[in-house]
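Each remark here refers to the structure printed beneath this line.
The values are calculated or read from the model by the stated rules, or taken from the named source; none is laboratory data. Model, not experiment: these values are computed from the prediction. Counting neighbours? That spans all protein chains shown, and the Cβs are built from the backbone with ideal geometry, glycine included.
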Amino acid sequence: MTRVFSGIKPTGPVHLGNLLGALQHWVTDQAEADSVYCVVDLHALTVPQDPSVLRATTLELAQVLLAIGIDPDVSTLFIQSHVHEHAELSWILECTAAVGELRRMTQFKDKSEGAEFVSAGLFTYPALMAADILLYDTDRVPVGDDQRQHLELTRDLAIRFNGRYGDTFVVPEAAIPHVGARVMDLQHPTRKMSKSDDSPQGTILVLEDLRSVEKKLKRAVTDTETEVRYDPEAKPGVSNLLAIQAAATGRRPEDLAAGYSQYGPLKVDTAEAVCELLRPIQARYAELAADPAGTADLLAKGADKARAVAAPTLERARRALGLLPH
Ligand code: ATP
Ligand code: LTN
């Protein structure tokens, strides 16, 4: 059976980009693949975090994943730091990666530029991500478009390691959706919607009040023309709305565009489609939020299931490297 693995950072509230670009595919993948999903809290530490905020955000994120339909009886859902094999394989892969290839990572460049403090972990972050993926003999990694480069590096590291020490890791493939892979900020449609950027009017949160969701979509920046056309280069704002509506309803943005001659109705329908998508998620989240102990229990079981797969893979890598068995 195909193995799917993906991760999400507890760096802030989940937004529509996360949902349309990655999370909704996590849910559909469960039906046909052996799926492993992880809240990557160690990755969040690459930038300074307030401990009590990190704790709350991690639990909330796990509950959002359950609320969108990740079924812990079907998939493996766990917290990265609960399975120490991630940190250990990460070190091994840091020693497999070259400084030059890590320096080329655009996410590192974007996040380090202008930052007051740049941690060494922010630089070696892709080795930890590769460890996440390779520990589970992963075939397919559903992610948004921004993770393409990290996936290429993961493949390169797996191939390099296998070449040097013999077949140890499965070489994974990225699974990037055709629509919704890059949801843009509603106020700055040339930059991606992000958890940690400060753009409240441009970001739609999965747990946001639906009246506010509607307002933000109706105030989304478009352009000074009137034609509704899917052309992300020339018309980023309008194309973003079309892509959002398409990803929320399972249609094609080009087909949707043909049905509009004005921006107003496009915004109204997009707001309606997004609210339809979020309403049941919010209702389920409210139930889960009332039972944090139940969630903690599920996550502990998830970590046990994850460890059972991760430990033998790490052992294989240790032996291949010549680390003395213990
Ligand atoms: P941060 O802003 O802290 O870097 P983020 O919002 O980019 O966080 P992640 O936890 O890094 O979110 O990503 C979780 C998943 O969501 C990844 O698969 C990522 O590719 C996807 N994703 C993130 N932002 C978007 C977006 N704007 N459009 C589509 N997919 C996205
Ligand atoms: N780097 C990713 C988050 C992430 C991830 C992973 C995604 C960490 N480990 C493993 C897929 C598989 C990000 O910044 N969105």
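Is one or more of the residues making up segment 154-170 surrounded by 16 or more Cβ atoms within 10 Å (Cβ to Cβ), outside any helix (DSSP H, G or I) and within 13 Å of ligand 2 (Cβ to nearest atom)?
no
Okay, residues lined up against (1) near ligand 1 (Cβ under 8 Å from one of its atoms); (2) touching an Asp or Glu at 6+ places or on another chain (Cβ under 7 Å):
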position	(1), (2)
Met1	no, yes
Lys9	yes, no
Leu23	yes, no
Thr28	no, no
Ala31	no, no
Val40	yes, yes
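Taking segment 180-201, which residues are of a type in the set (A, V, I, L, M) and farther than 26 Å from Asp132 by Cβ?
Once the filter is applied, which keeps residues that are of a type in the set (A, V, I, L, M) and farther than 26 Å from Asp132 by Cβ, segment 180-201 yields Met184, Leu186.
Within segment 190-208, can you find the residues that are in contact (Cβ under 8 Å) with a residue 40 or more places away in the chain and either in contact with an Asp or Glu (Cβ under 9 Å, 6 or more places away or on another chain) or small (Gly, Ala, Ser) (or both)?
Listed by number, the residues that qualify are Lys192, Met193, Ser194, Ser196, Thr203, Leu207.
Quick one: in segment 172-199, which of the residues that are more than 10 Å from ligand 1 (Cβ to nearest atom) and surrounded by fewer than 16 Cβ atoms within 10 Å (Cβ to Cβ) is modelled with the lowest pLDDT?
Asp198
Can you list the helices (runs of 4 or more DSSP H) found entirely within segment 90-153 that contain at least 3 residues being within 12 Å of ligand 2 (Cβ to nearest atom) and free of Cβ contacts under 8 Å to residues at least 60 places away in the same chain?
Once the helices (runs of 4 or more DSSP H) in segment 90-153 are filtered for at least 3 residues that are within 12 Å of ligand 2 (Cβ to nearest atom) and free of Cβ contacts under 8 Å to residues at least 60 places away in the same chain, what remains is 106-112, 120-134.
Are any of the residues in segment 74-83 more than 17 Å from Ala317 (Cβ to Cβ), in contact with a Leu (Cβ under 8 Å, 6 or more places away or on another chain), of a type outside the set (D, E, K, R) and in a loop (DSSP other than H, G, I, E, B)?
Taking every residue of segment 74-83 in turn, none turns out to be more than 17 Å from Ala317 (Cβ to Cβ), in contact with a Leu (Cβ under 8 Å, 6 or more places away or on another chain), of a type outside the set (D, E, K, R) and in a loop (DSSP other than H, G, I, E, B).
Results for (1) in contact with a His (Cβ under 7 Å, 6 or more places away or on another chain); (2) surrounded by fewer than 23 Cβ atoms within 10 Å (Cβ to Cβ); (3) β-branched (Val, Ile, Thr); (4) assigned to a strand (DSSP E or B), shown as yes or no for each residue.
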{"position": "Phe5", "(1), (2), (3), (4)": "no, no, no, yes"}
{"position": "Leu20", "(1), (2), (3), (4)": "no, no, no, no"}
{"position": "Gln24", "(1), (2), (3), (4)": "no, yes, no, no"}
{"position": "Cys38", "(1), (2), (3), (4)": "no, no, no, yes"}
{"position": "Thr46", "(1), (2), (3), (4)": "no, yes, yes, no"}
{"position": "Thr58", "(1), (2), (3), (4)": "no, yes, yes, no"}
{"position": "Ala62", "(1), (2), (3), (4)": "no, no, no, no"}
{"position": "Ala67", "(1), (2), (3), (4)": "no, yes, no, no"}
{"position": "Asp71", "(1), (2), (3), (4)": "no, yes, no, no"}
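Take the conditions modelled with pLDDT of 95 or more and either over 25 Å from Thr313 (Cα atoms) or more than 16 Å from ligand 1 (Cβ to nearest atom) (or both) and apply them to Asp137. Does it pass?
Judged against the criteria, Asp137 is a match.
Look through segment 209-219, keep the residues that are part of a helix (DSSP H, G or I) and in contact (Cβ under 8 Å) with a residue 24 or more places away in the chain, and return whichever of them is farthest from Thr190 (Cα to Cα).
Only one residue tops the list, namely Leu210.
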